[in-house]
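Read through the structure below, which is laid out as structure tokens, and then see the notes.
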Amino acid sequence: MTRFSFPRVWLFLRRLRIVDRIALAILVLYAISRLVLFTGHELPLNDLTAILGVFAIIYFLFRIAPWVRNQLLWRLRNRLIVAYIFIAVVPVILLLAMFALAANILYLELGAHILHDDLNERISVISAETDTIAEAIAETTAGKNKPSGEEAILKSPAVASAINAARSMWPEMKVSIGRGERLLKSGNGRHFSGLAEHEKKLWLAAADSRQSSSGSINVLVAVPMTASILDDLPPDFGPIHLILLDQAREGEKEGFEFRGKNFVDVQHVASKQRALYPAANWLDMRVNGASILEVARVESDATMAPPHVVASFSLRPSGLNERLLTSLGAVGPVLFTALVIVGIFFLVIELGALVTGVVLTRTITRAVGELYEATLHVRRGDFSYRVPVKKRDQLGALGESFNEMTLAVRDLIDEQRRRQRLENELAIAREVQEQLFPHSLPALPGLELAAICRAARAVSGDYYDFIELGHSRLGIALADISGKGISAALLMASLQAALHSQASLDGHGGTAKLVERINVHLFKNTSEDRYATFFYGVYDAAARTLTYTNAGHLAPFYVDKKGVERLDVGGTVVGLFEGVQFEEKTIHLDPGSLLVAFSDGLTEPENAYGEEFGAQRLQAEILRQENIHAQALAENLIGAAGQWSGSAEQADDMTVVVARMT
């Protein structure tokens with residue numbers, strides 16, 4: 001560190017120019033005047049000293065600016081960084097900002113408009129069906145022998161024929177007579193069509209008022225908004241999600257402020273089969289948007305605020321470019337002109353940044369330029385390029401080091417790619433499986449559950465699940481997927497999605513039909529050598545029964561006072577053959593009985609002599625511990641199989657599901 005001394009200070013002052021000395025003297029005088037002010041006194045010409053002090057500070061800022069610039073840009077690396085910022089970073093940021101602004105304004109507006117039009121087309125169809133049904137009802141009630149009562153009118157030949165014709169397209173359509181007065185008032189008094197809310201659910205509704213000999217007749221036709229309706233919309237969109245917002249009533253959960261009212265979300269409707277089509281090019285990025293849809297009430301207090309629907313969607317710009325400006329109408333040219341003006345402004349800034357970058361890059365030596373050229377080859381993946389070394393100086397040594405580095409980097413990148421590919425496959429498969437297994441066990445009266453899946457490797461081929469089918473019914477599933485790794489995880493994801501979809505739509509249907517539909521789904525969407533063993537049962541707490549279908553899986557044990565029963569009714573594996581018929585069976589569950597389902601990893605462990613643990617030993621272990629808690633029994637069964645093998649490494653995945661009837 002340089003030592004402070006008066007001779008050094010005097011030498012520094014002598015090297016300064018006369019203007020620098022004057023400015024420094026003004027700064028010293030200004031500092032003294034500030035110190036005097038703290039003592040409560042004031043020097044003469046204090047204001048003039050302050051003004052001169054400000055000018056002296058500005059002068060020194062200009063004087064030291066070149067020195068700071070030279071110090072900052074003295075190293076070649078710093079010069080390249082500054083050049084890169086002005087040539088590439090600034091223009092890219094400006095262009096991205098302009099593109100994001102234009103894309104959000106244009107594509108989101110167009111997407112919302114098209115979504116509104118697609119929904120209105122279906123509402124128009126329902127409106128036409130309503131007109132036909134209302135006309136049939138009016139003619140039926142105009143005769144002398146007109147039927148009495150809503151049910152009799154709806155079952156009359158003409159009306160029933162019109163309703164059946166409409167239900168061929170809308171199977172879940174509901175028709176009511178004498179309702180929809182509030183909807184008609186929100187329309188023109190005689191007809192209404194649009195989205196409607198009834199009993200906290202979203203409907204596509206149409207109402208019509210007709211005159212007959214007995215007076216005015218109101219006809220209401222409504223179709224529930226379901227995932228299938230969203231799936232049938234044109235393919236311009238990817239997944240679509242509708243959220244019904246209704247004003248919170250007294251005593252309901254706390255909602256959120258929306259348009260000056262407190263709203264809560266009461267229904268979610270999401271598409272299940274829609275998928276956003278692949279991008280046409282690298283600029284064809286996914287655009288996510290949302291829109292607010294107006295909804296009318298079928299029946300409600302007039303003081304309630306109207307409900308709303310928040311519709312979220314995703315789309316690709318390539319699919320909407322042809323209709324970009326049609327939905328904007330007269331606003332389109334204005335937005336386009338504004339976009340051109342902003343583009344010209346950003347282009348001027350880009351040119352200024354380019355000129356600045358060129359001026360800076362001219363100071364870079366030829367050797368650095370050759371190194372930069374080499375980095376471009378390396379960035380394109382060309383590691384065979386060599387920097388020409390012409391001089392044996394520091395830059396020449398840098399070129400030789402760069403050539404040696406490219407050889408080492410090429411080897412490292414090849415090795416890293418191989419390792420990264422394996423790690424990515426395992427990470428993807430592990431992430432998929434973490435989402436497939438239930439995070440918590442459902443609680444049903446009279447049922448104690450436990451489930452354990454211990455994977456032999458990073459990714460398991462076994463799958464279990466619990467599906468709540470109401471307040472008193474529970475679906476229990478266990479499957480063993482063929483294969484290992486990411487392919488098994490993907491097949492498991494397909495099986496889980498199909499199971500949840502079919503179970504939610506199945507109602508109180510049998511397990512055999514559900515397994516048949518899952519078999520068809522896997523057969524059509526997987527390769528010929530992919531299949532799964534599958535056990536699915538539905539527990540009914542009210543009836544205390546279990547209805548099950550076993551598709552090629554190891555038969556679970558059912559233990560009660562009568563003994564042990566193997567649940568083997570069903571059929572072959574799923575996903576291997578098309579058109580397979582499955583069977584189902586219903587058993588009555590006694591209090592204290594026990595159900596144990598398992599995978600082959602629990603029966604196939606071998607000891608040192610090559611003997612398998614086997615189903616008989618597993619059954620004996622269950623009978624020995626049948627009176628302990630379900631979770632403890634599941635852990636003990638896996639522990640017994642592992643103890644039999646005597647090896648810390650598993651040969652196969654071990655999965656066990658225990659259900660005890662209390």
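Here are some notes:
- Candidates Gly475, Gly579 - the one that is touching a Ser or Thr at 6+ places or on another chain (Cβ under 9 Å) and under 30 Å from Asp231 (Cβ atoms): Gly475
- Complete set of residues in region 499-530 that are aliphatic (A, V, I, L, M) and at pLDDT 90 or above: Leu499, Ala512, Leu514, Val515, Ile518, Val520, Leu522
- Selected residue (criterion: nearest to the chain's Cα centre (by Cα)) from residues of region 367-384 that are small (Gly, Ala, Ser) and either in a helix (DSSP H, G or I) or surrounded by 15 or more Cβ atoms within 10 Å (Cβ to Cβ) (or both): Ala374
- Matching helices (runs of 4 or more DSSP H) fully within region 110-195 where at least 2 residues are within 45 Å of the chain's Cα centre (by Cα), under 30 Å from Ile292 (Cα atoms) and not aromatic (Phe, Trp, Tyr): 157-167, 181-186
- Considering residues of region 291-331 that are farther than 18 Å from Gln247 by Cα and modelled with pLDDT of 80 or more only, the residue surrounded by the most Cβ atoms within 10 Å (Cβ to Cβ): Phe313
- One residue stands out in region 571-602 among those that are more than 36 Å from the chain's Cα centre (by Cα) and assigned to a strand (DSSP E or B): the one that is surrounded by the fewest Cβ atoms within 10 Å (Cβ to Cβ), namely His588.
- From the options Ala162, Ala158, Ala138, Ala152, residue that is farther than 14 Å from Ala206 by Cα, in contact (Cβ under 8 Å) with a residue 60 or more places away in the chain and surrounded by 12 or more Cβ atoms within 10 Å (Cβ to Cβ): Ala138
Let's see how each residue does on (1) within 27 Å of the chain's Cα centre (by Cα); (2) outside the structural domain of Asp652 (by TED's automatic domain parsing); (3) small (Gly, Ala, Ser):
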| position | (1), (2), (3) |
| --- | --- |
| Leu441 | yes, no, no |
| Gly446 | no, no, yes |
| Cys453 | yes, no, no |
| Ala458 | yes, no, yes |
| Arg473 | no, no, no |
| Asp480 | no, no, no |
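- Residue pairs whose Cβ atoms lie under 9 Å apart, sitting 6 or more positions apart in sequence or on different chains, and linking a residue in region 613-629 that is over 19 Å from Ser647 (Cα atoms) and surrounded by fewer than 16 Cβ atoms within 10 Å (Cβ to Cβ) to a partner that is modelled with pLDDT under 95 and among the polar types (S, T, N, Q), are Gln625/Asn636; Ile628/Asn636.
For every residue, the table says whether it meets (1) exposed (fewer than 13 other Cβ atoms within 10 Å of the Cβ); (2) under 23 Å from Arg297 (Cα atoms); (3) of a type outside the set (Lys, Arg).
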residue	(1), (2), (3)
Val125	no, yes, yes
Ser148	yes, no, yes
Gly178	yes, yes, yes
Ser186	no, yes, yes
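- Taken as a whole, the structure places Glu434 among residues that are in a helix (DSSP H, G or I) and loosely packed, with under 14 Cβ neighbours inside 10 Å.
- From the options Ala429, Ala450, Ala408, residue that is touching a residue at least 24 places away in the same chain (Cβ under 8 Å) and either out of contact with any helix residue (DSSP H, G or I) (no Cβ under 9 Å at 6 or more places or on another chain) or not in a strand (DSSP E or B) (or both): Ala429
The values are calculated or read from the model by the stated rules, or taken from the named source; none is laboratory data. Nothing here was measured: the structure is a model prediction, and the numbers come from that model. All Cβ positions, even for glycine, are placed from backbone atoms using ideal geometry, and neighbour counts span all protein chains on display.
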